[in-house]
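I have placed the structure first, in the form of structure tokens, so that the comments after it can refer back to it.
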Amino acid sequence: MSRLVLKFENAALKEVPLGTRPVTIGRAPDNDIQIDNLAVSNYHARVYVEAGSLVVEDLNSLNGSFLNDIRVERAMLKDGDAILIGKHEILVDQAHDAAQPADGVRKAPAPRMNETMILDTHERRKLLDMAAAAGERSQLAPERMRVPTLTVLRGSTDQKEYRVAGKLTVIGHSKMATVRLRGWFTPDVAAQINKHEDGYYLGRGDRVPKINGISIHGLTKLNDGDLIEVGRVRLNFRYRD
Amino acid sequence: MELPSIGVIACGFAARTARCVSQSRLLLHIQAGARTDLGRVRKNNEDFFAIDPALQLFVLSDGMGGEAHGEVASQLSVQTVLTHCRQGENSRTTPIFGEPSPDVSERTNRLASAIHLANRKVFESAASNPEQSGMGATIVAAWIEAQRLSIAHVGDSRAYLLRAGSLEQLTADHSLVAEKVRVGILTPQEADASEMQSVLTRAVGTGSSVEVDTDEQALVVGDSVLLCSDGLTRMVTDPEIASTLLTSTSAQESADRLVDLANDYGGADNVSVIVLRIDDKSESVFERLKIWKRNSG
């Protein structure tokens, strides 16, 4: 017997057998497959048999239905297909009786592994969801909600306080510098701060900066309250609300 | 091996460089060296690179897809990036493809836009030529304006920065093993030993749209920048790359030695490198005074 399997982040949440009646998918509670997520429309899509073929039809949803990564309005389904709605995946399993895993059927000969290839849709989607979950976790970190700033404690600069914004913040004499240092022999790029996924990192330019009195080796992550010294300039790195 | 570059590496592009950074105290001079090689195993070279000395734009791509279509994908990608960036320089009204990021400069956004356009071109070419179905490419591009280095990439071709003796990888590979390392379900050692290293999570031209990663760095005199295909990094370790860059006397020597190393270790894949060395053009205080006078006058 064929079935649809609702999955989220690799975990099977629900199985619905496919019969003669259409299976409805949406956020409203009266759907056969209810997905309680704001990215899903109340009545998002349905799956039904037409002339012996299984068909998915998007019900004019806001965020669309995706079949193997392609947005579809209406498409024929085959065993092993994955319908993506929001972050949820609905697998088509027509080989259920044969106790065969849905993705166990090879449709093409396995590529030689030293040949570069792009990840297939299922695997990529799984990975994206994993990364998205990790991203959501890191967004909950307190630093993400607050604005990183540099306050000048000592030294000759063009301002007393700076907001750190963007991927690259230069400390130096250069025109592109955010923290512009004055003085004849100050380098164009004394040091720089790079924004990474998980925070801000201080790196050297023409000078080796210190964090809390210790010279850095390579890129070093900045923590709230760190004292930065670049030449004769002292800066306080702080996250502000 | 023959260089398939579009713009041949010019020695005399210091003049242009000097003009670009005249507001600055130092004149960064960019010395470029590059090479691509078949390697010892492959029958055709699917890598491709190009250098535009006037624009200080450097692009490298590694194609994939059998029957020589990898070459089509890498060449089309590189040429599209070059053309789009040139157009962007000539006319500010050149459309931007993809979503520009407020976190990076206009230049960096233009570079990302070029890769979005390349993705579209490769994807459309594959869609309209069934024999090209499934072709794609990695891409890594560097663009230097004054002291700012813009980087954009898709796939597992990398950019590195060597500063004060230490080598830093500027790009995060879009490969299955690298992404698994980043989310913490694989150790770097397991990744190095994995048979899945060739599986990319993103590539140019395999989907109707692609996510492009960007980065920016401020360059200082003495820096070296390396762009390379995975044919180098699968064969040669980071410490070996660093010591080769440090002990070469020119960018071209670095490029040649890196390719030779990859081949000495087996040359399992095509290998391509672009090496940039950032030198100081204005050496004396007298020179600096002249620049200062010119700028203030």
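Just so you know, all these numbers are worked out from the coordinates, no wet-lab data involved. None of the values given here were measured: they were computed from a predicted structure. Quick reminder, even Gly has a Cβ in these numbers, built from the backbone with ideal geometry, and neighbours come from all protein chains shown.
Where residues in the range B:209-220 are part of a loop (DSSP other than H, G, I, E, B) and in contact with a strand residue (DSSP E or B) (Cβ under 8 Å, 6 or more places away or on another chain), which of them is farthest from the other protein chains (Cβ to nearest Cβ)? Filtering first and then ranking leaves B:212. Of everything in the range B:155-192 that's polar (S, T, N, Q) and in a strand (DSSP E or B), which residue is nearest to the other protein chains (Cβ to nearest Cβ)? Only one residue fits best here, namely B:166.
So is residue B:120 in contact (Cβ under 8 Å) with a residue 60 or more places away in the chain and in a helix (DSSP H, G or I) or not? Here the answer is yes, as residue B:120 does meet what is asked. Every listed requirement among (1) surrounded by fewer than 21 Cβ atoms within 10 Å (Cβ to Cβ); (2) more than 11 Å from chain A (Cβ to nearest Cβ) is met by residue B:118 save one, (1). Looking at the range B:193-202, is at least one residue more than 10 Å from chain A (Cβ to nearest Cβ), surrounded by fewer than 24 Cβ atoms within 10 Å (Cβ to Cβ) and outside any helix (DSSP H, G or I)? Checking the range B:193-202: not a single residue is more than 10 Å from chain A (Cβ to nearest Cβ), surrounded by fewer than 24 Cβ atoms within 10 Å (Cβ to Cβ) and outside any helix (DSSP H, G or I). Under the condition of being within 27 Å of residue B:112 (Cβ to Cβ) and assigned to a loop (DSSP other than H, G, I, E, B), the residues counted in the range B:38-76 number 7.
Scanning the range B:113-155 for residues that are under 16 Å from the mean Cα position of the chain (by Cα) and among the acidic types (Asp, Glu) returns a single hit, B:145. Can you name every residue in the range A:161-186 that is assigned to a loop (DSSP other than H, G, I, E, B), more than 9 Å from every other protein chain (Cβ to nearest Cβ) and under 32 Å from the mean Cα position of the chain (by Cα)? Answer for the range A:161-186, where residues must be assigned to a loop (DSSP other than H, G, I, E, B), more than 9 Å from every other protein chain (Cβ to nearest Cβ) and under 32 Å from the mean Cα position of the chain (by Cα): A:164, A:178.
Taking residues in the range A:172-189 that are free of Cβ contacts under 8 Å to residues at least 12 places away in the same chain, and partners anywhere that are in a loop (DSSP other than H, G, I, E, B), the pairs with Cβ atoms closer than 7 Å and at least 6 places apart or on different chains are A:175/B:23; A:175/B:24; A:176/B:146; A:176/B:147. If you go through the range A:4-15 and pick out every residue that is in a strand (DSSP E or B) and either free of Cβ contacts under 8 Å to residues at least 12 places away in the same chain or farther than 9 Å from residue A:91 by Cβ (or both), you end up with 6. Put simply, of A:42, A:60, A:31, A:37 the only residue that is out of contact with any Asp or Glu (no Cβ under 7 Å at 6 or more places or on another chain), at positive phi and not acidic (Asp, Glu) is A:60. Residues in the range B:83-115 that are crowded, with 20+ Cβ neighbours inside 10 Å and β-branched (Val, Ile, Thr) were compared, and the one that is farthest from the other protein chains (Cβ to nearest Cβ) is B:115. Restricting the range A:66-80 to residues that are free of Cβ contacts under 8 Å to residues at least 24 places away in the same chain and within 24 Å of the chain's Cα centre (by Cα), the residue that is farthest from residue A:27 (Cα to Cα) is A:70. Scanning the range B:246-267 for residues being touching a residue at least 24 places away in the same chain (Cβ under 8 Å), surrounded by fewer than 24 Cβ atoms within 10 Å (Cβ to Cβ) and not hydroxyl-bearing (Ser, Thr, Tyr) gives a total of 8.
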